[in-house]
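Let me begin by presenting the structure, written as structure tokens, before commenting on it.
The values are calculated or read from the model by the stated rules, or taken from the named source; none is laboratory data. Quick caveat, the model's predicted, so the values are computed rather than measured. Counting neighbours? That spans all protein chains shown, and the Cβs are built from the backbone with ideal geometry, glycine included.
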Amino acid sequence: MAEEVYMMEPPKGQDRWEAGSAATIQIILGACLFTLGTVVYGLRILTRVRLLKNPLRLDDFLTGASLIACWVFYACTMGMVAQGGCATNFWQVSQSQYESLLKWTIPVNIFYMLSSDLAKISLLFFYLRLSPERTFRIVIYVLISLFGLYALIYAMISLFGCQPIKASWDLAAQATGKCVDKFGFFLAASVANVVMDLVILLLPLRIVIPLQIPRRQKMSLLFLFTTGGFVIIVAIYNCVLTVKLFSSPNYTWGLAYELCWMYAELTGCVICASASSLKPFFKRILPGIFSSHGASYGGPSGATGGSNAIKSRRQLSRKQADAIELQSGDDSESGRKVTDDDETTLWPKPQQSFDNGNHQVLVTAPGVGSGVAGSRRSNSHYHRNGKPDGIEIVSTTEVMYSPR
């Protein structure tokens, strides 16, 4: 039986098996992070189907596909651990194990890219519902096309980056075969990924920041769209780790560390793609923070609530260029029918003028004449005929009858 050949000798004065392995940490961390992503996605589906009674949309399926790719990616990295010596020191890895590691590297790279891109494309499809502005939508379609092209190139290089193909993992074939500069390719792909992530992060801010809405609601929206900031930070750090990994003498140990950060990045992608759909769920738990209607709707005093609502609506009606339509899950509770219950729809609206900002309705109760005390509230709603393209202005007037 031939003696096992290892990739390198251990450091001077150190036993080959003395250092141990970090495989347990990698296995547990990856399982916990992807379980977290699964729970968040499950809450997204629960909110969509059970709470809002809405059908699933394309972005829901894309995020689900991203989550499946996460778990396939995790399973492939477990193959690296079990057969390729990942999470052990490089001097503990035999040549046969290293070849297995290189084989597993191909599906690991493909499913990492696939999971990340599907989550980001899902978020872009959600952005399409934010605004009908032509330039905004063109940028989104361009980004979707770029992510699709990026995924195709990434997969092709991962599969056919060496000639013959087996030179990607066969150490003997590598001596005569030709391969692309994988360090340069993966570094360039990582940088391009970070740049596109930044564009995704900044794209909706140009819509949210100019909005003249209550600060608490604006901060909620900004938090919603900047959850991707964590993903970008981790992606940048992964770029740094890629540079260190290809120059590290202890490749398999450094690879396990980078894979742990990849787990975090992909989990962040799934959570970020699902965050926009979780507002109705959390409004049931923390209504004071996530409610877009304010506290006046929850109080027992109808007069106070109506007064605050009139004041708020009058202030909104005076906005000129920055008129907006806000749709959220609790709008249905106020009697307004909403089709997109789980998201905030933001776009400029043309202002509609009326002769009177407040329409008074005088109500005479049967049997009640002049000089008889009484009170009654009347609601007056202005509606446009046909498809609405402005803000619906609702004013409430309370008419009091009292003795002269």
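Within segment 12-25, one or more residues are farther than 18 Å from W104 by Cα and surrounded by 18 or more Cβ atoms within 10 Å (Cβ to Cβ). F125 - would you say it is buried (at least 16 other Cβ atoms within 10 Å of the Cβ), part of a helix (DSSP H, G or I) and modelled with pLDDT under 90? The answer is no for F125. Of all the residues in segment 128-138, those that are assigned to a helix (DSSP H, G or I) and surrounded by 15 or more Cβ atoms within 10 Å (Cβ to Cβ) number 1.
Could you pull out the residue among G13, G42, G30 that is more than 23 Å from S100 (Cβ to Cβ), small (G, A, S) and under 29 Å from the mean Cα position of the chain (by Cα)? Every option except G42 fails the conditions. Within segment 207-257, the set of residues being modelled with pLDDT of 90 or more, farther than 30 Å from Q95 by Cβ and of a type in the set (G, A, S) comprises just one member, A235. Cβ-Cβ contacts under 7 Å between residues 6 or more apart (or on different chains), taken from a first residue in segment 143-154 that is assigned by TED's automatic domain parsing to the domain that holds S115 and under 21 Å from L202 (Cβ atoms) to a second residue that is among the acidic types (D, E) and in a helix (DSSP H, G or I), are listed as F147/D117; Y150/D117.
To keep it simple, each residue is scored yes or no on (1) in a helix (DSSP H, G or I); (2) over 24 Å from the mean Cα position of the chain (by Cα); (3) assigned by TED's automatic domain parsing to the domain that holds E258.
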{"position": "N54", "(1), (2), (3)": "no, no, yes"}
{"position": "A75", "(1), (2), (3)": "yes, no, yes"}
{"position": "G79", "(1), (2), (3)": "yes, yes, yes"}
{"position": "Q83", "(1), (2), (3)": "yes, yes, yes"}
{"position": "W104", "(1), (2), (3)": "yes, yes, yes"}
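Counting only helices (runs of 4 or more DSSP H) wholly contained in segment 170-273, the ones carrying 1 or more residues that are out of contact with any Phe, Trp or Tyr (no Cβ under 8 Å at 6 or more places or on another chain) and of a type in the set (D, E) occupy 182-202.
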